[in-house]
1. Any idea which residue in segment 1-56 is surrounded by the most Cβ atoms within 10 Å (Cβ to Cβ), counting only those that are touching a Lys or Arg at 6+ places or on another chain (Cβ under 9 Å) and of a type in the set (S, T, N, Q)?
2. Of the conditions (1) in a loop (DSSP other than H, G, I, E, B); (2) in contact (Cβ under 8 Å) with a residue 24 or more places away in the chain; (3) under 30 Å from Ile7 (Cβ atoms); (4) open to solvent by 60 Å² or more (accessible area, probe 1.4 Å), Phe61 satisfies every one except a single condition; which number is it?
3. Being touching a residue at least 24 places away in the same chain (Cβ under 8 Å) and part of a loop (DSSP other than H, G, I, E, B) is the filter here, so list the residues in segment 64-109 that pass it.
4. With the requirement that a residue be over 15 Å from His55 (Cα atoms), modelled with pLDDT under 95 and either aliphatic (A, V, I, L, M) or touching a strand residue (DSSP E or B) at 6+ places or on another chain (Cβ under 8 Å) (or both), what does segment 79-132 give you?
5. State all residues of segment 110-124 that are touching a Ser or Thr at 6+ places or on another chain (Cβ under 9 Å) and in a strand (DSSP E or B); if no residue qualifies, say none.
Amino acid sequence: MKPLPKIVDLSEVEPNTRRGGDLRAMLTPATVGSISGFMGVAIVAPGDRIGEHYHPYSEEFVYVVCGELEVDLDGEPHPLRPEQGMMIPINMRHRFRNVGNVEARIVFHLGPLAPRPSLGHVDTEQTESVAVGQVRS
């Protein structure tokens with residue numbers, strides 16, 4: 001059966017703060033029946049980060065809506081500013097850090113999908129859970 005178009009509002013998605021930031025996977029196989037990848041939004045408070053990780057099956061495409069970020073790619077920092085996009089290759093370690101004074105918002109898309117969700121994301125550093133809106137010290 002072919003999936004039907006569906007709109008998902010940010011407010012309908014529970015925040016995921018396990019890896020830092022507030023990650024919201026919005027358009028996924030579970031929410032809209034996608035078969036080629038998934039899309040979401042990352043909200044990162046000033047001074048916060050999304051912990052280093054990589055994707056063994058997927059490329060990641062990111063677009064910065066607002067905020068000043070540095071993205072560490074295999075340990076090397078690169079500035080990422082509003083209205084810039086980036087493609088992160090399969091297996092490249094990456095971490096996003098908000099280095100500005102305002103909230104950063106990133107739209108992300110990963111594809112293709114991993115064979116199972118548990119295989120799609122590999123953490124390479126531990127991050128402590130932080131309440132949504134709380135800044136890390």
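1. Filtering segment 1-56 for residues that are touching a Lys or Arg at 6+ places or on another chain (Cβ under 9 Å) and of a type in the set (S, T, N, Q), the one surrounded by the most Cβ atoms within 10 Å (Cβ to Cβ) comes out as Thr31.
2. With (1) in a loop (DSSP other than H, G, I, E, B); (2) in contact (Cβ under 8 Å) with a residue 24 or more places away in the chain; (3) under 30 Å from Ile7 (Cβ atoms); (4) open to solvent by 60 Å² or more (accessible area, probe 1.4 Å) applied to Phe61, the lone miss is (1).
3. Gly67, Glu68, Pro89, Ile90, Asn91, Met92, Arg93, Val99, Gly100, Asn101, Val102, Glu103
4. The answer is Gln126, Thr127, Val130, Ala131, Val132.
5. If the condition is that a residue be touching a Ser or Thr at 6+ places or on another chain (Cβ under 9 Å) and in a strand (DSSP E or B), then Leu110, Gly111 are the ones that fit.
The values are calculated or read from the model by the stated rules, or taken from the named source; none is laboratory data. All values reported here derive from a predicted model rather than from experimental measurement. Positions of Cβ are backbone-derived with ideal geometry, glycine not excepted, and every protein chain shown enters the neighbour counts. For the accessible areas, the whole protein counts, side chains as well, though only heavy atoms, and no ligand, DNA or RNA atoms are used. Shrake-Rupley method; radii C 1.70, N 1.55, O 1.52, S 1.80 Å.
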